[in-house]
Amino acid sequence: MEYADIIHRCFRCGYCKFTRDYRDFNCPTYRKFWFESYSPGGRMWLLRAWLNGEIPSSQRLAEIFYSCVTCGNCVEHCALEFRENLVNIFVAARKEMVEKGLVPPAVRDYLKGIQTHGNPFKEPRQDRDKWAEGLGIPSYSGQDYLLYAGCVASYDDRGKKIARAVASVLKEAGLSFGILGGDEASDGNEVRVLGEWDLFQMLAEDNIRKFKGLGVKKIIAISPHAYNAFRNDYPPLGGKCEVLHYTQALDQMIENGKLTFSSGKDARVTYHDPCYLGRHNGEFDAPRNILRAIPGVRLTEMDKIKKNALCCGGGGGNFFTDIIGGGEGAPARVRIREAAETGADTLAVACPKCAKMFEDAIKAEALEGTIKVKDIAEIVCEAGKG
Ligand code: SF4
Ligand code: SF4
């Protein structure tokens with residue numbers, strides 16, 4: 001296995017499961033299960049034993065690896081130099097499990113959905129543009145930007161509302177952009193982190209061919225997961241485009257005066273950093289800049305933010321496979337309690353997966369009426385412009 005020669009470097013000190021100041025456990029799976037096997041260091045030791053033939057392959061072992069949400073907290077907080085490879089090591093272990101046919105049923109189901117329908121919802125490909133109905137968004141044909149929605153914003157009801165909000169704001173501000181609609185395909189970020197490298201490569205190469213054929217130079221991604229794939233995993237395969245997350249596009253438009261606000265609703269807002277925008281790609285400011293630019297919005301931060309943010313639990317494929325599972329210790333429920341403790345009436349998010357995870361968590365925690373979830377694009381939509 002790739003990285004097999006560095007796995008022994010973990011000596012299980014356990015720093016990786018904390019926040020920077022060691023005030024709280026921040027590996028979502030360790031927090032949920034309270035077993036060392038579910039901590040980053042525990043996984044490293046299990047992996048070493050598995051590769052050395054000291055423990056057998058088992059469904060339980062696969063579940064321990066597939067419950068990791070690839071949030072990257074361990075990468076930030078591991079004490080040793082090899083830390084930048086921690087998530088890569090866990091993904092490589094999954095790759096090995098895919099090759100050996102050891103993946104849990106929910107992972108197999110997810111991958112089958114992508115293979116047979118092109119999306120994990122198993123919805124018809126031609127319905128992919130339904131989210132845009134009535135908005136008058138043109139198909140991409142050489143405009144400045146391609147707006148890429150992604151599977152969740154295309155098919156999930158909550159995600160569709162976010163896609164409509166993003167597209168409406170971009171249109172209102174006069175940006176030149178188009179969409180692929182029914183021709184859009186999965187970006188493959190979750191396929192890659194679930195360890196199905198061959199399928200990821202096929203998706204990425206098809207997308208790259210399509211982008212090149214259409215002359216796409218700049219992409220705005222609604223999902224931080226797609227943003228991550230386009231920005232980091234497509235270039236080595238020949239797919240080099242300028243890639244922005246939609247919050248970065250809006251932040252730029254505010255800065256150059258193309259998006260201005262005259263009024264906004266009074267709201268006490270706290271912001272959740274999505275792992276694939278924040279920790280994985282270092283973008284912490286753009287979403288906060290947008291919120292601060294809207295009159296009436298008062299930003300109140302949670303204790304754990306930016307590199308210390310707790311994942312919503314939907315990363316690493318878990319939005320679909322839910323191997324990490326529910327209950328009081330589910331990351332989204334822990335996080336929504338943290339958000340409510342700030343006294344905020346709104347949790348602002350910048351990812352369709354986060355939105356759905358937190359809305360479910362609000363119901364499970366009976367916090368309806370205390371706090372609601374809004375995507376930043378939805379908050380921008382509601383504000384008066386000009
Ligand atoms: S901090 Fe690094 S070295 Fe220590 S247990 Fe975690 S992964 Fe291993
Ligand atoms: S990536 Fe996140 S969930 Fe996975 S081991 Fe590291 S801290 Fe835990």
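The values are calculated or read from the model by the stated rules, or taken from the named source; none is laboratory data. Small disclaimer: the values here were computed from a predicted structure and weren't measured. Ideal geometry is used to build each Cβ from the backbone, glycine not excepted, and the neighbour counts take in all protein chains shown.
Would you point out the residue of the range 4-18, among those that are of a type in the set (A, V, I, L, M, F, W, C) and surrounded by 14 or more Cβ atoms within 10 Å (Cβ to Cβ), that is nearest to ALA309 (Cα to Cα)?
To start, the set of residues in the range 4-18 that are of a type in the set (A, V, I, L, M, F, W, C) comprises 4, 6-7, 10-11, 13, 16, 18.
Then drop every residue that is not surrounded by 14 or more Cβ atoms within 10 Å (Cβ to Cβ), which leaves 4, 6-7, 10, 16, 18.
Working: ALA4: 29, ILE6: 27, ILE7: 26, CYS10: 23, CYS16: 14, PHE18: 11 Å.
By that ranking, first place goes to PHE18.
Within the range 230-249, track down each residue that is under 17 Å from CYS354 (Cβ atoms) and crowded, with 24+ Cβ neighbours inside 10 Å.
Narrowing the range 230-249 to residues under 17 Å from CYS354 (Cβ atoms): 245-248.
Across the range 230-249, the qualifying residues are HIS245, TYR246, THR247.
Hey, among GLU359, GLU301, GLU328, GLU368, which residue is surrounded by fewer than 24 Cβ atoms within 10 Å (Cβ to Cβ), assigned to a helix (DSSP H, G or I) and either in contact with a Lys or Arg (Cβ under 9 Å, 6 or more places away or on another chain) or not hydrophobic (A, V, I, L, M, F, W, C) (or both)?
Numbers: GLU301 fails: assigned to a helix (DSSP H, G or I); GLU328 fails: assigned to a helix (DSSP H, G or I); GLU368 fails: assigned to a helix (DSSP H, G or I).
Answer to the selection: GLU359.
Taking every residue in the range 163-181 that is not assigned by TED's automatic domain parsing to the domain that holds GLY142 and pairing it with any residue that is in a helix (DSSP H, G or I) and small (Gly, Ala, Ser), at least 6 positions away or on another chain, yields no pair with a Cβ-Cβ distance below 8 Å. In the set ARG48, ARG23, ARG60, which member is in contact with a His (Cβ under 9 Å, 6 or more places away or on another chain), away from ligand 2 (no atom under 13 Å from the Cβ) and either in a helix (DSSP H, G or I) or basic (Lys, Arg) (or both)? When all the criteria are applied, what remains is ARG48.
The residue of the range 123-169 that is surrounded by the most Cβ atoms within 10 Å (Cβ to Cβ), among those that are within 15 Å of ALA249 (Cβ to Cβ) and of a type in the set (Ser, Thr, Tyr), is TYR148. Would you check if there is a residue in the range 209-228 being at pLDDT 95 or above and on the phi > 0 side of the Ramachandran plot? Yes - at least one qualifying residue is present in the range 209-228.
Candidates are the residues of the range 70-86 that are more than 10 Å from ligand 1 (Cβ to nearest atom) and surrounded by 24 or more Cβ atoms within 10 Å (Cβ to Cβ); the one that is farthest from LYS304 (Cα to Cα) is THR70. Looking across the range 1-18, just one residue is within 12 Å of ligand 1 (Cβ to nearest atom), within 26 Å of the chain's Cα centre (by Cα) and in a loop (DSSP other than H, G, I, E, B), and that is GLY14.
Can you pull out the residues in the range 137-181 that are part of a loop (DSSP other than H, G, I, E, B), charged (D, E, K, R) and within 21 Å of the chain's Cα centre (by Cα)?
Of the range 137-181, the ones part of a loop (DSSP other than H, G, I, E, B) are 137-138, 140-144, 149-150, 156, 173-176, 180.
Narrowing the set further to residues that are charged (D, E, K, R) leaves 144, 156.
Once the filter is applied, which keeps residues that are part of a loop (DSSP other than H, G, I, E, B), charged (D, E, K, R) and within 21 Å of the chain's Cα centre (by Cα), the range 137-181 yields only ASP156.
Filtering the range 19-44 to residues that are buried (at least 19 other Cβ atoms within 10 Å of the Cβ) and within 11 Å of ligand 1 (Cβ to nearest atom) leaves CYS27, TYR30, SER39, PRO40, GLY41, GLY42, ARG43, MET44.
Checking the conditions here, which among GLY53, GLY72 is within 9 Å of ligand 2 (Cβ to nearest atom) and at pLDDT 95 or above? Lay out the reasoning, then the answer.
On the way: GLY53 fails: within 9 Å of ligand 2 (Cβ to nearest atom).
Just a single option satisfies the conditions, and that option is GLY72.
What are the residues in the range 26-45 that are free of Cβ contacts under 8 Å to residues at least 24 places away in the same chain and within 10 Å of ligand 2 (Cβ to nearest atom), if any? Selection gives TYR30 alone.
Filter the range 182-211 for residues that are among the hydrophobic types (A, V, I, L, M, F, W, C) and outside any helix (DSSP H, G or I); which is nearest to SER139 (Cα to Cα)? I'd like the intermediate steps shown before the answer.
Filtering the range 182-211 for residues among the hydrophobic types (A, V, I, L, M, F, W, C) gives 185, 191, 193-194, 197, 199-200, 202-204, 208, 211.
Checking the rest, the ones that are also outside any helix (DSSP H, G or I) come to 185, 194.
Working: ALA185: 14, LEU194: 31 Å.
So, considering only residues that are among the hydrophobic types (A, V, I, L, M, F, W, C) and outside any helix (DSSP H, G or I), the one nearest to SER139 (Cα to Cα) is ALA185.
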